[in-house]
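The values are calculated or read from the model by the stated rules, or taken from the named source; none is laboratory data. Here the structure is a predicted model, which is why all the values come from computation and not from measurement. Here the Cβ positions follow ideal geometry from the backbone for every residue, glycine too, while neighbour counts run over all protein chains shown. Remember, those area values only see protein heavy atoms, side chains included, never the ligands or the DNA or RNA. Shrake-Rupley method; radii C 1.70, N 1.55, O 1.52, S 1.80 Å.
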Amino acid sequence: MKEWNLELIYKKYEDFVKELNDFPNDIIEAEQLKGKLHSLEGMLAYERVMKKIDERIERLFCYASMKFDLNQKDSKASEDYQKVYQLFNELLSKTAFISPEILANDKNQVMQYLKNDKLKKYQFKMDQLFRSRDFYLDAKSEKLMANYGEATGGFNRLYDKLAVSDRESVEVELSTKEKLSINDSNFRYYLELLSNQEDRRIVFEAIYKFYDQHKNTFAGIYDGIMQSEFAEVKNRGYNSILESQLYYNAIPKEVFLSLIDTARMHNTPLKRYYALRKKYFKLDTLHTYDRFLSFAKSKETYTYEVAKDMVLDACKSLGEDYYAHACKALEDGRVSVYTKDGKRTGAYSTGLYKEGTFILLNHNDNLESAFTVAHEAGHSIHTLYANEHQDEVNANYTIFVAEIASTFNEQLFLDYVMQHSNSKEEKIVVLQQAIDNIIATFYRQTLFANYEYLAHKMVEDKKPITAEALSGIMTELYQDYYGIDLKDEPYKNMVWAYIPHFFHTPFYVYQYATSFAASLAIYEEVKKNPKNLNSYLEMLSMGGSAYPVDIVRKAGVDLTKTDAFMAVVHRLEDLVTELENLLED
């Protein structure tokens, strides 16, 4: 089965509809907690009501969003998703009194309540809540803030409608007179396949022209999102938008700024690699759409079944327990494999506490797709370990640690493929994949984080947000990080409109880089001594039961220091040198 089995969530669609229609009653029940959260009895009522509500909204939201992602042109699926989204915002509005009411209590008294067996699971969450006490408003103000949730969320939905729902495949004609239908799901495949630079330009522009044609609309949407963030920052009293994103999880600002400084200042191996590309492929000018050319051609076809078997085989090296979790993550009915019209692009792992994990792919039968299987399986393995060892309150881990398990699994898969590759050509292919992964995960995501930082600073400094200004930031950053001048490449400076994370989850992408640095350090320690695997699995099992920087320390990595970031730089240096040597031979 190559598609999600949504019956694992609801046996039939009517069950979803019934729970959706019943949910307003749950919201009414939650409202009845108001004025009661000042006693042990009130806190016990809170536990009983919110446990049921959290379970139901998670199930509703996961099912509706997954069904919508299978076909974002399906109007009924879109309608159901919007209904759930509206209910979720209503829930936030009607329960906005909860945090201020709890915070009105003495912290020591609340911690006394949490000694009760049913309430112990809230100890860390309440510590987080009281840590942010200064940024919470009174109950009436919190309700007003929550009432704007659906309105400000309209910017996100508008982005999806423009970037996905209103997009159509573009037909192009190559130098060979061959005609291709190009879309977001297949253009990368053709950029890797086509040997003629002009053909690559045509394919690339078929995608990016759309963003340029609608640049003012995209800029307006992005401005609305950032202005909404800034309004909340001012209302709550944070010093900056960045602080508002980091404070709740106690992530030091220095971690973010150190990452940016390290990647931007230590990009020599990155530029060496692109110089090697330019020389090897005899290009007068290296453009971003030339980045996917392969130094060697793989004779292997990585169908999903082949990739799945290889990933599982690689996981065996970490023992039976890890392998069993990998098998569970890739069970039939839990993976949506292939591209189809209207399906959300990219890949992700999602899941529910009781019903398990699910993975979305857009598999292209190439090596990169095989690495994506390993990556997303890593996420699901993490979720499974967390769900097994934590209660429902503490199972969900933060974004900050989310990419550790996924990129750890990629390193594991990389070693497996290298060990099982007998030809020089195949080793070059895998080595290129490893280098490109580091660039995509560490340097590219840090560049994007740098962009977000500068764009949000413009809002804070009350500078006008225009498409030209946003594209100007990208042009400068591509020159600094990659040594690529986007002035010679029309439309690429619109990449800020192409990245959905900027619109849906601001300040998400830097965590790809921090997680990658942590996972590389952890993986090297596990390779040195298999006993270190235990501390890694303990880290996965912690879920979201502690502050993320402390969770990463559990596995032996301190991200407040630059050591882990510099380790990535040195790793890239070594891989580029190895590739140079292989190509010279």
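How fast does the range 136-248 diffuse by Stokes-Einstein, in µm²/s, taking the Kirkwood radius from C-alpha pairs at 37 °C and 0.692 mPa s? Could you put the intermediate results ahead of the total?
On the way: Rh = 17.3 Å.
For these conditions, the coefficient is 190 µm²/s.
The C-alpha atoms of the chain define a longest principal axis, and helix 563-584 lies at about 20 degrees to it.
Using the heavy atoms of the protein chains and a 1.4 angstrom probe, tell me the accessible area per residue for the range 205-340 in square angstrom. Show your work: numbers first, answer last.
Working: 6230 Å² over 136 residues.
I get 46 Å² per residue for this part.
The spacing between the range 61-92 and the range 426-492, judged by their C-alpha centroids, is 32 Å. Solvent-accessible area of the range 370-424 (1.4 angstrom probe, protein heavy atoms only): carbon and sulfur portion equals 47 percent.
The residues of the range 105-164 expose, per residue, 56 Å² of accessible area to a 1.4 Å probe.
I'd like the per residue volume of the convex hull spanned by the Cα atoms of the range 356-435, given in cubic angstrom. Display every interim value, and only then the final one.
Values: hull volume 8.1 nm³, N = 80.
It is 101 Å³ per residue.
Applying a DSSP loop filter and a limit of 13 other Cβ atoms within 10 Å to the trypsin sites (Lys or Arg not before Pro) in the range 402-500 leaves LYS462.
Does the range 233-366 classify as rounded, prolate or oblate by the C-alpha gyration tensor (a ≥ b ≥ c root eigenvalues; a/c under 1.5 gives rounded; else a/b over b/c gives prolate, otherwise oblate)? Because a/c hits 1.5 or more and a/b fails to exceed b/c, the range 233-366 counts as oblate.
Remark: relative contact order (the chain) = 17 percent; criterion is Cα-Cα distance under 8 angstrom and separation of 6 or more residues. Its Cα centre serving as origin, the chain has a Cβ charge dipole (Lys and Arg +1, Asp and Glu -1) of approximately 720 debye. Ligands, DNA and RNA left out, the 1.4 Å accessible surface of the range 248-289 is 54% carbon and sulfur atoms. In the chain, the C-alpha radius of gyration followed by the widest Cα-Cα span (Dmax) gives 24.2, 76 angstrom.
Taking all protein chains as they are arranged and a probe of 1.4 Å, the heavy atoms of ILE251 leave approximately 10 Å² accessible to solvent.
As a ratio to 2.2 N^0.38 Å, the alpha-carbon radius of gyration for the range 173-318 is 1.50.
When the charge dipole of the chain is built from unit charges on Cβ atoms (+1 for Lys and Arg, -1 for Asp and Glu) and taken about the Cα centre, the candidate among SER369, SER65, GLN197 whose Cα reaches farthest toward its positive end is SER65. Towards the positive end of the charge dipole of the chain, with charges on Cβ (+1 Lys, Arg; -1 Asp, Glu), say which of TYR46, ALA139, TYR274 has the farthest Cα. The Cα lying farthest towards the positive end belongs to ALA139. Which shape class, rounded, prolate or oblate, goes with the range 416-521 when its Cα gyration tensor gives a ≥ b ≥ c as root eigenvalues, a/c under 1.5 marks rounded, and past that a/b bigger than b/c marks prolate? Prolate. Where both bridge residues fall in the chain, DSSP classifies roughly 75% of the beta bridges as antiparallel.
Projecting the Cα atoms of SER541, MET458, ILE438 onto the charge dipole of the chain (Cβ charges, centred on the Cα centre) puts MET458 farthest toward the positive pole.
Against the main long axis of the alpha-carbon atoms of the chain, helix 253-265 sits at an angle near 10°. Surface composition of the range 480-585: carbon plus sulfur atoms contribute 46% of the solvent-accessible area (1.4 Å probe, protein chains only, all chains present). Take the Cα of LYS118, step 7 Å along the line toward its Cβ, and report every residue of the range 27-47 whose backbone nitrogen sits under 14 Å from that point. Of the residues in the range 27-47, 39-47 have backbone N under 14 Å from the label point off LYS118. The per residue volume of the convex hull around the alpha-carbon atoms of the range 5-151 is 126 Å³. Only the Cβ atoms of Lys and Arg (+1) and of Asp and Glu (-1) were treated as charged; on that basis the dipole of the range 300-341 about its Cα centre amounts to roughly 140 debye. Rg and Dmax, both from the Cα atoms of the range 472-585 and both in Å, are 18.3, 52. The long axis of helix 367-389 is offset from the longest Cα principal axis of the chain by roughly 20 degrees.
Hey, what number do you get for the chain at 222 nm if only DSSP H runs of n ≥ 4 count, each worth -39500 (n - 2.57), divided across all residues, to the nearest 500? List each step's numbers first, then the result.
On the way: 27 runs with 370 residues, N = 585.
Computed ellipticity for the chain at 222 nm equals -20500 deg cm²/dmol.
Protein-only accessible surface at a 1.4 angstrom probe places the residues GLU41, GLU584, GLU3 in the order GLU584, GLU41, GLU3, largest first. Here the dipole of the range 144-263 is about 160 debye; that uses its Cα centre as origin and unit charges on the Cβ of Lys and Arg (positive) and Asp and Glu (negative). A 1.4 Å probe run over the protein chains yields, for the range 390-549, 32 Å² of accessible area per residue, whole-number rounding. Peptides 108-120, 295-307, ordered by how many other C-beta atoms sit within 10 Å of their residues on average, highest first, read 295-307, 108-120. Loop-located trypsin sites (Lys or Arg not before Pro) across the range 302-364 with a Cβ neighbour count of 12 or fewer within 10 Å are LYS340, LYS354, with loop assigned by DSSP.
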